[in-house]
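Please read the structure below before turning to the comments.
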Amino acid sequence: MLSVSRHSLSIIRKPILCNSSQGYIGRSHLLSISTMSASTSNKIYVAVIGVGLVGSELIEQLLSIPRQTTPFELISLTSSTRTIFDAANPIAPGAAWKSLLAASAQKPDYKTLTEQLAALVAPNQKVAVVDNTSSDDVAALYPAFLEKGISVVTPNKKAYSGDVGLYERILNASKASGARFLNEATVGAGLPVISTLKELVATGDKVVKIEGVFSGTMSYIFNEFSTGKPDGPAFSSIVSIAREKGYTEPHPADDLNGFDVARKLTILSRTISSGSRTQTALPALQSFASVQTASLIPSALEGIPTGDEFISRLPEFDAHFSQLRADASAEDKVLRFVGVVDVAGGIVKAGLEKYSTTHPFATSLGGSDNIIMFHTERYGARPLIVQGAGAGAAVTAMGVLGDLFKLV
């Protein structure tokens, strides 16, 4: 079985003891030593757009790499109101970059930024833009960056799960220029989900189905709500606690509608379709809205304008969710909100499903963990499983930084 040890620095193969006898990739994965100590003779200029939680963490991780080994030169930062650019004097470790950005009088100008970065592209100099925003406007610029030879690295799901026209322009621009688009962090934060899938497809393995708990919010809610017992805490109380802990969006409906999972499934489905050697039965998704998504929002609460009002009215529907839990328990099963990319059946869907109390989705999850199972021809009856924290600034930034290392 394949395992990445929590504290190891290299991929190892060893037996795994678990009830399901599955192959696991553990909670953390690390870049190989050979990658981390790569030659720094070829520079990679990096421009970061978005300096919020994930962006700030990425900058700190980027600047923590020893100067004698890093291939990266951080030359530009852009927030929603300000920008700085200086290719001659990259931001150094320990620099007060927040103060530098706050003191800048320059306003964001993406056309100018594109021209400045394009001028740096050379045989021994790569350039990358990192988009840490959730902006549709920035996502729409990816083809323009790629056309100029500027690679794009991002945790932003918008471009890869939105309109198929934008996605196709990204593919075509990357193919034409050779610049890369890397989006590991769009599905599992720092978990090796996209890279695992790409390698399975590229090496000719036939992906039969992917299923998983892709939402940290939904994971927490149903890990607490449905444990196999017929009773337990009220659904509304768990959603309320999840909101207080910061696991949900300010308006919980933005999680309970399942759209975040639908976006991730769209990305996985498109990754399979674009990388497969032969045509698959998967539908040509026009956007994430094409995914069959079963929202958990009661129809009477659709359109509630505020999160506070939504939480106050959610107890009206506790009996409904309690009955679902009791029905699952009667079958010795638990409830989990899962996403499925059924390649063989040509179905992409997200919704509430029942799983045996001995299934990994019931026994292996804790807190807000994600878990993704890859059913493939080569792995047969024992699917490859990737599990661990699928959200949080530190692991998301790690996933982005890992993508940057792929440019080395």
Using only C-alpha atoms and all pairs of different ones, pull out the Kirkwood radius for region 279-403 in Å with one decimal.
17.7
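What percent do you get for the relative contact order of the chain when only Cα pairs under 8 Å and 6+ apart count?
Dividing the mean separation by the residue count of the chain yields 21 percent.
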Taking the Cα atoms of region 147-306 alone, what are Rg (to one decimal) and Dmax (as a whole number) in Å?
18.0, 58
Given H placed on each backbone N at 1.01 Å, which residues far from ARG180 in sequence or on other chains put an amide H within less than 5 Å of it?
SER151, VAL152
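In deg cm²/dmol and to the nearest 500, what is the mean residue ellipticity at 222 nm of the chain if only DSSP H runs of at least 4 residues count, each as -39500 (n - 2.57), divided by the residue total? Before the final figure, lay out the partial values.
Working: 18 runs with 150 residues, N = 408.
About -10000 deg cm²/dmol.
Quickly rank 58-68, 333-343 as a protection proxy: mean count of other C-beta atoms within 10 Å, highest first. Kindly include the intermediate steps, with their values, before the conclusion.
On the way: 58-68: 15.3, 333-343: 23.4.
Output ranking for 58-68, 333-343: 333-343, 58-68.
Starting with the highest mean, order 86-92, 180-186, 263-269 by the number of other Cβ atoms within 10 Å, averaged over the residues of each peptide.
Numbers: 86-92: 13.1, 180-186: 23.4, 263-269: 26.7.
Going by the mean number of other Cβ atoms within 10 Å, highest first, we get 263-269, 180-186, 86-92.
What percent does the relative contact order of region 52-116 come to when contacts are Cα pairs within less than 8 Å and at least six residues apart? Please list the in-between numbers first.
Values: 53 pairs, mean separation 18.1, N = 65.
Reported as a whole number, the value is 28 percent.
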Residues whose placed amide H lies under 5 Å from that of ILE347, excluding near-sequence neighbours:
ASP342
Checked against a 19 Å limit on the C-alpha separation, the offending pairs among LYS98/LYS126; LYS98/LYS157; LYS209/LYS349; LYS43/LYS157; LYS209/LYS333; LYS157/LYS198 are LYS98/LYS126; LYS98/LYS157; LYS43/LYS157; LYS209/LYS333
Amide H within-cut-off set for LEU384, under 5 Å, with H built and near neighbours excluded:
PHE374, THR376
At 0.36 nm per residue, minus the direct Cα-Cα distance, what do VAL121 and GLU199 gain on full extension? Give it in nm, one decimal, please.
25.3 nm
Over what distance in Å are the Cα centres of region 314-337 and region 247-267 separated?
20
Output ³J(HN,Hα) for region 365-380: one whole-Hz value per residue in order, computed from phi by the Karplus curve 6.51 cos²θ - 1.76 cosθ + 1.60 with θ = phi - 60°, and x for Gly and Pro.
8, x, x, 10, 4, 9, 8, 10, 10, 9, 8, 10, 4, 6, 7, x
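Mind ranking 349-358, 216-225, 237-246 by how tightly packed they are, going by the mean number of other C-beta atoms within 10 angstrom, highest first?
On the way: 349-358: 18.2, 216-225: 23.2, 237-246: 16.5.
Sorting 349-358, 216-225, 237-246 by mean packing, highest first, produces 216-225, 349-358, 237-246.
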In whole Hz, with x marking every Gly and Pro, tabulate ³J(HN,Hα) for region 151-161 from phi via Karplus 6.51 cos²θ - 1.76 cosθ + 1.60, θ = phi - 60°.
6, 10, 10, 6, x, 6, 7, 4, 5, 8, 10
Pop the C-beta distance of ALA95 and ASP332 into the FRET formula with R0 = 35 Å and round what comes out to the nearest 0.05.
0.05
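State, as an integer percentage, the relative contact order of region 243-376 based on alpha-carbon contacts under 8 Å between residues 6 or more apart. Display every interim value, and only then the final one.
Working: 152 pairs, mean separation 37.1, N = 134.
Relative contact order, region 243-376: 28 percent.
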If N is the number of residues in region 63-177, what value comes out of its Cα radius of gyration divided by 2.2 N^0.38 Å?
1.11
Would you mind estimating how fast the chain diffuses translationally, via Stokes-Einstein at 4 °C and 1.567 mPa s with the Kirkwood radius over Cα pairs, in µm²/s?
58
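Leaving ligands, DNA and RNA out of it, report the carbon-plus-sulfur percent of the accessible area of the chain at a 1.4 Å probe. Show your work: numbers first, answer last.
Working: 9380 of 17950 Å².
Exposed carbon and sulfur together represent 52 percent of the surface.
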How high is the FRET efficiency between ARG67 and LYS175 when r is their beta carbon distance and R₀ equals 30 Å, given to the nearest 0.05?
0.30
Could you go through region 190-196 in sequence order and give the Karplus-derived ³J(HN,Hα) for each residue, using 6.51 cos²θ - 1.76 cosθ + 1.60 with θ = phi - 60°, rounded to whole Hz, and x for Gly and Pro?
x, 5, x, 8, 5, 5, 4
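The values are calculated or read from the model by the stated rules, or taken from the named source; none is laboratory data. Everything quoted here is computed from the prediction, not taken from an experiment. Neighbour counts run over all protein chains shown; Cβ positions are idealised from the backbone, glycine included. We work out accessible area using only protein heavy atoms, side chains counted, and drop any ligands, DNA or RNA first. Shrake-Rupley method; radii C 1.70, N 1.55, O 1.52, S 1.80 Å.
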